[in-house]
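The values are calculated or read from the model by the stated rules, or taken from the named source; none is laboratory data. Since we're looking at a predicted model, the values are computed, not measured. Here the Cβ positions follow ideal geometry from the backbone for every residue, glycine too, while neighbour counts run over all protein chains shown.
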Amino acid sequence: MNDVAWRIAVILVPTLLLAFLVAPVPTVGAEPSDHRTQLGEAWGEFVAGLERAQASLTDPKDFPPAPTERNLAEGYRYALGHIGRMIELEMRMDPRFPEFHRSIDMLRKWTAENPDTMYLKAPLDPNAYYRVRGTAADTREWRDSSRGRTGPKAPRMVTFQTITDVPGATGELAEMAQCKSQTLAFINVFDLKLEGNRFEILIGPEEPADHRGNFLPTRKTMTCASTGETGLAEARWLAVREIFSDWEFEAALELDIVREDAIGETKAPIDAAFVAKRLKRIGDELPKQIRFWNLLQKFPLEMRDDANGDGRRNLPLNGINQPAPPFTAGGVAGSRQLYASGLYQLAPDEALVVKVTAPVEPHYIGMQLGNLWFEGPDQQNHVSSLSGHQLPVSSDGSRYYIISIADPGYQGWVATTGYDYGQHAMRFVFREDPPADKMPTAEAFVTKLKRLDQVLPADTPRITPEQRRAEIAIRQAHIKRRWRAY
């Protein structure tokens, strides 16, 4: 190599090497700018949805509760719960690779949930077949509705429902009249076919002619009660309610779900389009969910005030409606459940006493409270709900629930966890619906805490602070078992 060639090489080789090292690496499938732009725009829409959701916590047009310190703190946590629920739903739930999703837990509370209940959902393709396999602990109380057995046992009540959708995605109450959320069919513990303590449920568009076990349809011709329109309804979700009454001994089911034509398939890796679509969907639906449940409380339930000015409220203040099927968002409410609801507004030295008399003992009965974001207060560290096992019938044949801010020192206390205003609700499930003259009845009245001894049965048990701590300890242990992540 002569001197000229050598000098050229000395100059060019480092330059070429540097150019090679800093050159962009080719990507497969799309130009870098395409997927970056796609994800960046989707992220922007997601963040914009977060900002709209934040506005829904305080904007009067979305009818939020008064922005007191606690209401607003609860509201921000409530929004975070929705975000966590929706991220898991969007990123994990796939009807070809189904699994059960906790739609409600101790963070993601919504829909005035029942604190006795573990709510699970699994995604469905209405044209495919799925098989659910389950194992329960001792199921004898399913068969005879008795109470009192000790040792591990099945949840008091379990219901499986195929549903079209969950409420709230539109952000408008009109979706209720349009029957966007409907139950196609359900199976509960009264008709669940068991083999020992195990069961299987086949789910699909139609039951095979030779099938003899448990079956739930994903396609069904239904009529919308509010519009009179008849059409084909398709289930997109399997909803499961496991309801616990004896929190000390009842244990969650072991459950699995598979899609029969996809067992063992390999799932494709995610791409930019997958993530972008879900970011946009979360950003769009999050503020709508918050708005929908605010609207539900404001208008149909009249929790904020007498919304239509007729001089009465659908949820009576310091009163209670009589047990009946749900009259709002009932399409995917618990099948066969009856509800009785009202509002409480109390001074620190007052209690709302709710007296419930059931000529026929329900298989399940429970009292729950709700805050102004339509959530149950902390049931893990407070006695903010009571099941039929936790509050037995008094000597006069009724149950007495004492809703108050302060602990009254009696059995039957339902703690408001510091709220002076909120909602209370009761749920009932019967093995067979009683005749009209045997239906449970409810009444409610306000009294001073110091006068409770004059309105409760004389033999109502007193509860010491030590006994109350023991009661809460059982609740804490149960909730940690129910929602364990290991």
key: Enumerated strands (runs of 3 or more DSSP E) restricted to segment 385-448, each holding at least 2 residues that are under 17 Å from Tyr364 (Cα atoms)   = 385-387, 398-404, 421-429, 441-448
remark   = In segment 459-486, residues that are outside any helix (DSSP H, G or I) and touching a residue at least 12 places away in the same chain (Cβ under 8 Å) total 7
query = Any chance segment 215-231 includes a residue that's among the aliphatic types (A, V, I, L, M), closer than 29 Å to Ser387 by Cβ, in contact (Cβ under 8 Å) with a residue 12 or more places away in the chain and touching a strand residue (DSSP E or B) at 6+ places or on another chain (Cβ under 9 Å)?
reply = yes
Options Leu295, Leu255, Leu279; residue that is assigned to a strand (DSSP E or B) and at pLDDT 95 or above = Leu255
ask   = How many of the residues making up segment 226-267 are out of contact with any helix residue (DSSP H, G or I) (no Cβ under 9 Å at 6 or more places or on another chain), surrounded by fewer than 16 Cβ atoms within 10 Å (Cβ to Cβ) and not charged (D, E, K, R)?
value = 7
ask   = So which pairs qualify, if the first residue must be in segment 438-452 and assigned by TED's automatic domain parsing to the domain that holds Ala406, the second must be assigned to a strand (DSSP E or B) and surrounded by fewer than 16 Cβ atoms within 10 Å (Cβ to Cβ), the Cβ gap must be under 6 Å, and the two must be at least 6 apart or on different chains?
value = Thr441/Thr357
